[in-house]
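A.B. asks: My questions will all concern the structure given below.
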């Protein structure tokens with residue numbers, strides 16, 4: 001049973017190992033879990049999960065593996081206890097007269113409610129798809145987002161009316177999962193990882209000249225002097241796509257940007273529209289006054305700066321490959337040449353794309369840019385940022 | 001065996017209790033993560049009190065090395081003593097300075113050892129402590145003797161997530177992530193810290209507090225410790241609860257905001273929000 005659980009965890013990408021499994025078994029032997037399902041959940045979580053990003057995944061796997069596991073003191077009939085009045089009200093609110101007539105096909109409203117109760121009692125665990133069980137996106141008469149005209153819509157949250165809302169079903173750690181998009185909280189975390197490689201090798205070292213000088217001043221008796229080792233700080237250039245198709249993502253970018261500001265000492269930012277060309281600007285509000293030539297940027301900032309582009313890369317392919325393809329002005333040199341110049345100048349560069357990764361193949365432009373960036377395009381998720389910082393720090 | 005439970009001064013959730021008890025029972029380190037100000041460090045003190053053990057605290061800085069927790073060989077003093085012809089110089093043991101881990105290992109009774117903010121240190125730091133925490137022993141090269149734990153200490157390690165910890169290290173720990181407490185738990189926490197607080201004041205203050213936390217643009221969201229500081233201030237100033245009620249954080253900065261908002265950008269943000277909403281009202 002438990003071995004199966006470990007395998008399921010590993011399949012879901014949680015690196016639980018044999019050592020931890022044995023620890024869990026020992027913990028149960030020592031009686032830490034105390035014969036309670038909730039305590040067993042807490043114990044196995046503390047033993048097997050070592051990273052808060054995996055907590056949500058753990059909850060999902062736990063729910064799947066141990067579905068139907070009821071607390072022993074539970075009352076078997078409780079599962080099916082739904083306030084009938086509530087169901088009726090819900091149905092009346094949601095169904096049109098026509099639809100209610102259609103319900104008659106299933107034997108009338110009361111029959112429908114009865115079937116629903118019965119199925120709720122039969123069904124254990126969440127369900128998605130299918131045509132009988134209550135769940136989401138199915139064709140059963142019961143559930144959410146389904147297509148059966150005779151259906152009763154049961155809202156996602158309300159499907160918790162099964163009495164025991166189990167701890168792991170609440171999925172409280174959802175926003176700590178690293179596949180979800182970035183919010184203000186987790187972005188700091190991710191950018192902190194960027195800072196990490198700046199801090200390598202913290203220590204003090206011997207200040208030889210000062211030691212010699214002060215030992216001489218001490219008439220020969222040794223006086224050691226130490227200096228803190230210098231940290232090299234990460235220098236980052238941010239290029240932010242602004243306007244046009246980016247408007248959807250401006251908010252996310254603003255968060256990324258505001259978080260980044262607090263994290264780096266050497267951080268410069270420039271704006272571009274869709275694709276960088278010969279001019280960039282520093283302030284979006286005073287664009288005309290703050291324009292700088294891209295060549296000047298390349299001259300000013302050394303190759304040790306890490307260049308990060310933030311943009312959805314959704315545009316017409318001409319804007320990248322064609323001279324004069326820009327939507328704003330006549331550019332002599334196509335965007336991909338400019339991008340190439342920038343990426344060749346800076347030793348490390350990457351592109352962050354706020355669009356979900358699954359959507360990239362739909363845009364030809366995103367694929368071209370990905371090629372220009374030599375595959376260094378990352379989704380704007382914690383996982384993507386992590387991969388990016390790894391790439392940048394190599 | 002005594003078990004760790006919520007006390008009158010520290011409200012622990014059930015999962016935290018299980019994690020602590022597992023770590024104590026199996027004698028493995030417990031790694032605690034969570035937002036700053038959610039009581040990670042205080043936990044160690046509470047565990048020590050609950051189990052009736054003394055607490056040894058080792059606070060980690062960016063310059064801390066793993067070796068410093070074991071012992072340090074003060075070569076410079078010995079060199080100097082050698083120059084001055086001191087007798088002590090012949091025994092190298094005189095120049096071995098014990099670290100916190102040594103203290104914890106050689107203590108007469110089991111102790112709670114807190115390794116605070118392990119992520120502040122160098123990235124190799126946890127790796128350097130692997131064997132020591134696993135076997136609870138280490139070797140002193142200078143005196144050629146092995147220091148072995150008489151009683152395995154209860155080790156509690158906190159991290160603020162600034163650095164990723166190595167897998168091999170994590171394998172040996174129990175892990176707990178302290179979530180930000182919900183309103184109900186927060187009320188209990190406030191009650192346990194200020195038993196004689198006026199109910200109305202506590203309620204209004206919590207309203208303001210959760211609204212402030214709801215402002216998503218904040219750089220540093222106030223956490224439990226900030227709330228407790230703020231409540232203490234409110235009680236010292238003896239502000240009537242009505243003051244808080246009129247102060248919707250969207251329209252004005254809460255009184256004594258210094259305890260809640262910790263950087264000037266956040267204060268500016270609130271000023272701007274207040275300004276905007278006043279304009280809208282006009």
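A.B. asks: With labels modelled as points extended 7 Å from the Cα through the Cβ direction, what inter-label distance (nm, one decimal) is found for residue A:318 paired with residue B:139?
C.D. replies: 7.4 nm
A.B. asks: Oh, and also: May I ask what percent, to the nearest 5, of DSSP beta bridges between residues of chain B are antiparallel? Please list the in-between numbers first.
C.D. replies: Details: 7 of 25 bridges.
Roughly 30 percent of the DSSP beta bridges within chain B come out antiparallel.
A.B. asks: If you project the alpha carbons of chain B onto their three principal axes, what span does each projection cover, largest first, in Å?
C.D. replies: 83, 47, 37
A.B. asks: Oh, and also: What translational diffusion coefficient, in µm²/s and rounded to a whole number, does the Stokes-Einstein relation yield for region B:22-116 at 4 °C and a viscosity of 1.567 mPa s, taking the hydrodynamic radius as the Kirkwood radius over Cα pairs?
C.D. replies: Calculated translational D: 82 µm²/s.
A.B. asks: Per DSSP H run of n ≥ 4, the term is -39500 (n - 2.57); total these for chain B, divide by its residue number, and report the mean residue ellipticity at 222 nm rounded to 500 deg cm²/dmol.
C.D. replies: Values: 13 runs with 127 residues, N = 282.
So the calculated ellipticity at 222 nm is -13000 deg cm²/dmol.
A.B. asks: Give the whole-number value, in cubic angstrom per residue, of the convex hull volume spanned by the C-alpha atoms of region B:120-275. Spell out each step's value before the answer.
C.D. replies: Values: hull volume 28.4 nm³, N = 156.
Here the figure is 182 Å³ per residue.
A.B. asks: Using a Förster radius of 30 Å, what is the FRET efficiency between residue B:87 and residue B:108 based on their Cβ-Cβ separation? Nearest 0.05, please.
C.D. replies: Working: r = 31 Å, r/R0 = 1.03.
Taking R0 as 30 Å, the efficiency between residue B:87 and residue B:108 is 0.45.
A.B. asks: Set the Förster distance to 41 Å, then compute FRET efficiency between residue A:207 and residue B:200 from the Cβ-Cβ distance, nearest 0.05.
C.D. replies: Numbers: r = 61 Å, r/R0 = 1.48.
So, using R0 = 41 Å, E works out to roughly 0.10.
A.B. asks: Only counting other Cβ atoms within 10 Å, I'd like A:338, A:360 sorted with the fewest neighbours first. Present the calculation step by step, with values, prior to reporting the outcome.
C.D. replies: Details: A:338 22, A:360 19.
Fewest-to-most Cβ neighbours within 10 Å comes out as A:360, A:338.
A.B. asks: Further question: At 0.36 nm per residue, and after removing the present C-alpha to C-alpha distance, how many nm does the segment from residue B:25 to residue B:184 gain when stretched out fully?
C.D. replies: Working it through step by step, the gained length comes to 54.2 nm.
A.B. asks: Follow-up question, since we're still on this one. If you average the sequence gap of Cα pairs under 8 Å that are 6 or more apart and divide by the length of chain B, what percent do you get for the contact order? Please list the in-between numbers first.
C.D. replies: On the way: 415 pairs, mean separation 61.5, N = 282.
Relative contact order comes out at 22 percent.
A.B. asks: Next question. Determine, from the Cβ-Cβ distance of residue A:332 and residue A:288 and an R0 of 22 Å, the FRET efficiency 1/(1 + (r/R0)^6), rounded to the nearest 0.05.
C.D. replies: On the way: r = 20 Å, r/R0 = 0.92.
Once the sixth-power term is evaluated, E becomes 0.60.
A.B. asks: Could you tell me the relative contact order of region B:136-251? Use alpha-carbon pairs under 8 Å, at least six residues apart, and round to a whole percent.
C.D. replies: Working: 46 pairs, mean separation 23.1, N = 116.
Over region B:136-251, the number comes to 20 percent.
A.B. asks: Treat region B:194-241 as a sphere of radius equal to its Kirkwood radius over Cα pairs and apply Stokes-Einstein at 37 °C in a medium of 0.692 mPa s; give the translational diffusion coefficient in µm²/s, rounded to a whole number. It would help to have the intermediate numbers written out before the result.
C.D. replies: Working: Rh = 11.3 Å.
Translational diffusion coefficient: 291 µm²/s.
A.B. asks: Kirkwood Rh, region B:122-209, all Cα pairs: how many Å?
C.D. replies: About 17.3 Å, per the Kirkwood formula over Cα pairs.
A.B. asks: Next question, about the same structure. Arrange the following residues from fewest to most other Cβ atoms within 10 Å of their Cβ: B:141, A:21. If you can, show how the numbers build up before the last one.
C.D. replies: Numbers: B:141 9, A:21 18.
In increasing order of surrounding Cβ atoms, one gets B:141, A:21.
A short reminder: the numbers here are calculations on the coordinates, not readings from a lab. Computed from a prediction, not measured in an experiment: that's the story for all the values here. Positions of Cβ are generated from backbone atoms using ideal geometry, with glycine treated the same way; all protein chains shown enter the neighbour counts.
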